[in-house]
Each structure stands twice: as structure tokens, then as C-alpha cells.
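Undergrad: Structure provided below as C-alpha cells; questions to follow.
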Amino acid sequence: MAAPRSCGLWRYSCRGWSRAAGDCRFPGFQRFWPGATPSARSLSQTKRAAETHFGFETVSEEEKGGKVYQVFESVAKKYDLMNDMMSLGIHRAWKDLLIRKMHPLPGTQLLDVAGGTGDIAFRFLRYVQAQHQRKQRRQLRAQQNLSWEEIAKKYQNEEDPLGGSLVTVCDINREMLKVGKQKAVDQGHRADAEELPFDDDKFDVYTIAFGIRNVTHIDRALQEAHRVLKPGGRFLCLEFSQVNDPLISRLYDLYSFQVIPVIGEVIAGDWKSYQYLVESIRKFPNQEEFKEMIEDAGFQKVTYESLTTGIVAIHSGFKL
């Protein structure tokens, strides 16, 4: 079974969560559907009868999409809780660091791919809003001659607390988007990372956190990331990687294969999905190999930072 080749997105802007025909919206989030933009490029519909991996299992490329879809459909409702349980909450620090490395300014246009539950999107919005508020306070302090009435009026007339920033969240899985919609009150979109329904040169930043290893054709997803970024735009990927300490690597393997599937069974009632997630991490390229793939997609100034002895890494590249 192939995963649905449709599009799901959220958008948040200064006007708050809004709904339009065929759309789900958060303020600052936007939704698109395949074919919604005439100039959006579509990859070939021809499927190669090639084989790939689904964890440690060998499957056809056509089959992998459906299997991955079923995994995240199964775990969606417990996804955030399981992230806390499996990482002992450390995933929150990793995601916070991703946003700090991005250092978005008011006005930044972000595309967050495979971001169904909204972890990166909400962090982005909070960061940008805090930046905008600090800028506003500095401006008011510089105008010491204003009366209290004039200062209050400036705050009241503030139309856009995000300074024009916009985040578009897309995920191929409907159930993951439902979780994000519940957290945001409204809005979600479905989209395939290999076939993004956006014009060329549209976004300032592209993020994907713990999602790219589940893509069937990682090279295509990276090429799409490059296409939709504006010149000067930045690609940021947070993903599990290769542990660089032999002792920690052995302990990590023991925990991954012996403990995480058990937690998955107890918390989410799903051993197999978490067995796949553990196996998928081992099949993902190491830091240097993934860096080369990003460069092959056309990005420049590609760097990475290993976190927690290499359990995860943040890769960064620019479209120049």
C-alpha cells in the first residue's frame, strides 16, 4: 500500500488561526494542496521497482511509503509522550537548540516538513514573538519623551505580534496532523517531502526534525528543500545519527533494542512501530555521509553539530 500522495500543512500568521475553503489554519500557519500552485513542480509519477529498507526489513520502494504511514498513524496519539519517555525529555533541549541555531528574526518565512505535532513550529513562533517584543521594548525605551497614553496606544495598535513571520507545517500523515491541530485549535495539511506543493524560492528556512530518515528517497526530499528555499535560505535538519563513543554506543544499542520497544508496548500499545523506529535510526547515514548528500542536493556551507555524543546531529546548509 502506497502512502497517500497528498498535502497537509498548517500556517500561522499575525491574524491568528483562520479557516478558508479547503483549508485548515493556525495564525502563522498555511495550508496547500497538490496542484494548488500552478508553478509547483511535481516529481515523476513513475515508480521504480527498486528495493529499499524498512528498518532492517527489505521492501519495495512502493511498499515502504505505506508501511511508514501506518507506523505514524499508529503512534500519533502517544507520539509526544513517547518522545518524552524514550529520550527522558532530552528531545526538548535538542529542539530548543535547533531554534537557537536558526535564530529567526521577525518576518522569517519557515517551512517545517514532517512537523505534524507542531513541536518545531510552536518553538519558532514563541522565539520570534519574544524577539519582536524585545525589539518593541527597546524602541519604546528609546522614546523617553512619550506619555503613558502614547506608549499604551503603541501596544494596543500592534497588529502583528510576529513581525510578519509565517510558519507552514506539512506532514504526510493525517493522524499526526490531527494531534497538531488539537494543540493549535485548528489547521493542518498533508504533504509529501518528495513532492512539495510550493513555488520555487518561497521560504527563508526549511526545517525537518526526526523525519527525513523515514523518507523513501532522501535525495529527492533534499532537492525539494533546495528548490523551495529562497536564495540565501537555510536548511536545518535535526535527526538521529551515529554515536561516536564505543562504550556509549553499546549502552545506547542495549537501551534502544531492549527498552524502547517495551516502552512503546506499555505506553502506546505498539511494539512493532517502535522496533521499526529503532531500526530506522541504524539504517540512516552517519554525520559525514548525510553531509555529503546535502551537498549533492546543491547546498553550500554545509556543517553539522553532534549532540549527546552523536545520538542526534543538527545539519545546516545554505542555498547560495
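The values are calculated or read from the model by the stated rules, or taken from the named source; none is laboratory data. Keep in mind that what you see is a predicted model, and the values were worked out from it rather than measured. As a convention, Cβ positions derive from the backbone with ideal geometry for all residues, glycine included, and neighbour counts pool all protein chains shown. Side chains are part of the model used for accessible areas, which takes the heavy atoms of the whole protein and leaves out ligands, DNA and RNA. Shrake-Rupley method; radii C 1.70, N 1.55, O 1.52, S 1.80 Å.
Undergrad: Looking only at region 192-227, filter to residues that are of a type in the set (A, V, I, L, M, F, W, C) and under 20 Å from PRO106 (Cα atoms); which one of those is farthest from the chain's Cα centre (by Cα)? Break it down stepwise before answering.
TA: At the first step, the residues of region 192-227 found to be of a type in the set (A, V, I, L, M, F, W, C) are 193, 196, 198, 203, 205, 208-210, 212, 215, 218, 221-222, 225.
Adding the requirement that they be under 20 Å from PRO106 (Cα atoms) leaves 203, 205.
Details: PHE203: 14, VAL205: 11 Å.
Result: PHE203.
Undergrad: Is one or more of the residues making up region 168-189 under 24 Å from ILE311 (Cα atoms) and either at pLDDT 85 or above or out of contact with any Gly (no Cβ under 9 Å at 6 or more places or on another chain) (or both)?
TA: Scanning region 168-189, I find no residue that is under 24 Å from ILE311 (Cα atoms) and either at pLDDT 85 or above or out of contact with any Gly (no Cβ under 9 Å at 6 or more places or on another chain) (or both), so the answer is no.
Undergrad: Can you list the helices (runs of 4 or more DSSP H) found entirely within region 56-104 that contain at least 1 residues being aliphatic (A, V, I, L, M) and at pLDDT below 70?
TA: Values: elements: 61-75, 79-87, 90-102.
Helices (runs of 4 or more DSSP H) meeting the threshold: 61-75.
Undergrad: Okay, next question. Are any residues in region 266-320 at pLDDT below 95 and among the basic types (Lys, Arg), and if so, which ones?
TA: Matches in region 266-320: LYS272, ARG282, LYS283.
Undergrad: Another question about this same structure. Somewhere in region 243-254, is a residue buried (at least 17 other Cβ atoms within 10 Å of the Cβ) and closer than 17 Å to LEU307 by Cα? Reasoning before the result, please.
TA: In the first step, residues of region 243-254 are kept if they are buried (at least 17 other Cβ atoms within 10 Å of the Cβ); the result is 243, 252.
Filter once more, keeping what is closer than 17 Å to LEU307 by Cα: 243, 252.
Looking for residues that are buried (at least 17 other Cβ atoms within 10 Å of the Cβ) and closer than 17 Å to LEU307 by Cα, one finds at least one in region 243-254, hence yes.
Undergrad: Out of (1) within 22 Å of the chain's Cα centre (by Cα); (2) surrounded by fewer than 17 Cβ atoms within 10 Å (Cβ to Cβ); (3) at positive phi, what's the single condition that is false for GLY269?
TA: (1)
Undergrad: What are the pairs with Cβ atoms under 6 angstrom where one residue, in region 260-276, is part of a helix (DSSP H, G or I) and the other, located anywhere, is basic (Lys, Arg) and at pLDDT below 85? Sequence gap at least six, or different chains.
TA: Hits for this filter: ILE267/LYS78; ALA268/LYS78.
Undergrad: What is the residue count in region 190-202 for residues that are open to solvent by less than 30 Å² (accessible area, probe 1.4 Å), under 28 Å from ASN83 (Cα atoms) and modelled with pLDDT of 70 or more?
TA: Looking only at region 190-202, we keep the residues that are open to solvent by less than 30 Å² (accessible area, probe 1.4 Å), and these are 190-194, 196-198.
Then keep just the ones that are under 28 Å from ASN83 (Cα atoms); that gives 190-194, 196.
Filter once more, keeping what is modelled with pLDDT of 70 or more: 191-194, 196.
Qualifying residue count for the region: 5.
Undergrad: For PHE318, all conditions in the list (1) open to solvent by less than 10 Å² (accessible area, probe 1.4 Å); (2) out of contact with any helix residue (DSSP H, G or I) (no Cβ under 9 Å at 6 or more places or on another chain); (3) under 17 Å from LEU98 (Cα atoms) hold save one; what is the number of the exception?
TA: Of everything listed in (1) open to solvent by less than 10 Å² (accessible area, probe 1.4 Å); (2) out of contact with any helix residue (DSSP H, G or I) (no Cβ under 9 Å at 6 or more places or on another chain); (3) under 17 Å from LEU98 (Cα atoms), PHE318 misses just condition (1).
Undergrad: Here's a follow-up. Out of curiosity, is LYS301 within 25 Å of THR207 (Cβ to Cβ) and open to solvent by 50 Å² or more (accessible area, probe 1.4 Å)?
TA: Judged against the criteria, LYS301 is a match.
Undergrad: Please count how many residues of region 206-242 are charged (D, E, K, R), over 14 Å from PRO285 (Cβ atoms) and open to solvent by less than 20 Å² (accessible area, probe 1.4 Å). Don't jump to the end; show me each part of the working.
TA: If we filter region 206-242 for residues that are charged (D, E, K, R), which is where we start, we get 213, 219-220, 224, 227, 230, 234, 239.
Now drop any that are not over 14 Å from PRO285 (Cβ atoms), which leaves 220, 224, 227, 230, 234.
With the extra rule that they be open to solvent by less than 20 Å² (accessible area, probe 1.4 Å), the set shrinks to 224, 227.
Total satisfying the criteria: 2.
Undergrad: What is the residue count in region 304-315 for residues that are outside any strand (DSSP E or B) and open to solvent by 20 Å² or more (accessible area, probe 1.4 Å)? If you could, list the steps in order and put the result at the bottom.
TA: The first filter runs over region 304-315 and keeps only residues outside any strand (DSSP E or B), leaving 308-311.
Still in the list and also open to solvent by 20 Å² or more (accessible area, probe 1.4 Å): 308-309, 311.
Residues in region 304-315 being outside any strand (DSSP E or B) and open to solvent by 20 Å² or more (accessible area, probe 1.4 Å): 3 in total.
Undergrad: Output the qualifying pairs, or none if there are none: Cβ atoms under 7 angstrom, residues six or more apart or on different chains, first residue in region 121-142 and of a type outside the set (Val, Ile, Thr), second residue open to solvent by 30 Å² or more (accessible area, probe 1.4 Å) and at pLDDT 85 or above.
TA: Short answer, once both residue conditions are applied: ARG123/ASP96; GLN131/LEU105.
Undergrad: Can I ask one more? Residues being touching a residue at least 24 places away in the same chain (Cβ under 8 Å) and open to solvent by 10 Å² or more (accessible area, probe 1.4 Å): count how many of those fall in region 286-298.
TA: Of region 286-298, the ones touching a residue at least 24 places away in the same chain (Cβ under 8 Å) are 286-287, 290-291, 293-294, 296-298.
Narrowing the set further to residues that are open to solvent by 10 Å² or more (accessible area, probe 1.4 Å) leaves 286-287, 291, 293, 296-298.
Residues that pass the stated criteria total 7.
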